[in-house]
1. Give all pairs with beta carbons closer than 7 Å in which a residue from the stretch 48-62 that is of a type in the set (A, V, I, L, M, F, W, C) meets a residue that is surrounded by fewer than 20 Cβ atoms within 10 Å (Cβ to Cβ) and in a helix (DSSP H, G or I); count only pairs at least 6 apart in sequence or on separate chains.
2. Filter the stretch 6-22 for residues that are surrounded by 11 or more Cβ atoms within 10 Å (Cβ to Cβ) and closer than 21 Å to K43 by Cα and give the result.
3. So, of the residues in the stretch 31-63 that are among the acidic types (D, E) and either touching a helix residue (DSSP H, G or I) at 6+ places or on another chain (Cβ under 9 Å) or crowded, with 16+ Cβ neighbours inside 10 Å (or both), which turns out to be farthest from E77 (Cα to Cα)?
4. Please give the helices (runs of 4 or more DSSP H) falling wholly within the chain in which 3 or more residues are at pLDDT 70 or above.
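The values are calculated or read from the model by the stated rules, or taken from the named source; none is laboratory data. What you see is a predicted model, and the numbers here were worked out from it, not measured in a lab. Cβ coordinates were reconstructed from backbone atoms using ideal geometry, including for glycine residues, and neighbour counts include every protein chain displayed.
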Amino acid sequence: MNGRLKNMDKFRNAWFLLEKLMDSTLDSIYFKDLQSRFMMLNKACATKLGWDSPEEGVGKSDFDIFTGVHAKQAYAEGRALKDVAKEQTGLSAEELAKLLDPAQMTKGGIMGE
């Protein structure tokens, strides 16, 4: 087997292992590009963000999920969105978890009803 075929075989094996890891864990795993858009995410992450499948999130960023002001600052500072929102609003972690719940934010309608 020549070097190129060996490398392709190694790549296929590594890709297989990555897919198995992403499919089997309950932890969120995702990869983003330099513009902070999802390139790849697992089912657990998609579910936490309110999507039916990982494919639904590919190409989306925090700006598509969360409020613009908090998302812009978090992106600019390389910080977690909830940390920025907590700092700016003074709300508790529990209150922020409810307010920034992606499933609720993408559902439509008026929150709290």
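1. Hits for this filter: L49/I65; L49/P102.
2. L18, E19, L21, M22
3. Here the residue is D52.
4. Helices (runs of 4 or more DSSP H) meeting the threshold: 3-24, 43-48, 62-65, 68-77, 81-89, 93-99.
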